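Here, each number is a calculation from the coordinates, and none is a lab measurement. If you're wondering where the values come from, they're calculated on a predicted model, not measured in any experiment. Heads up, the Cβs are rebuilt from the backbone with ideal geometry, glycines too, and the neighbour counts pull from every protein chain shown.
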Amino acid sequence: MSKEPVRKRRRGAELETALLDAAWDELIAMGFEELTYEAVAARAGTSRAVLYRRWPTKRELVLAALSRKA
């Protein structure tokens, strides 16, 4: 039997918080021009598809991250 902890799938507000925090951190680290969905997804521990479903463009993702921090 494996002793590794079972990862609970994040949903709703918990997932959105993780995604926007990751986007904010990536924005601070890399700037708008260098920010990628791949980097944000990796930082959040999810896939790019999860981001694209919520924010189809990088501009929308960044605006959502900025709005959350304001």
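Just a few scattered comments:
- Distance between the pseudo-spin-label points of Lys69 and Ala29 (7 Å out from Cα toward the beta carbon): 1.3 nm.
- Degrees, to the nearest 10: 58-69 long Cα axis against longest axis of the chain: 80 degrees
- Based on Cα contacts under 8 Å between residues 6+ apart, the chain shows a relative contact order of 34 percent.
- Shape analysis of the chain yields a ratio of the Cα radius of gyration to the Kirkwood radius, Rg/Rh, of 1.04.
- Degrees separating the helix 12-30 axis from the principal Cα axis of the chain, which is the longest one: 50 degrees
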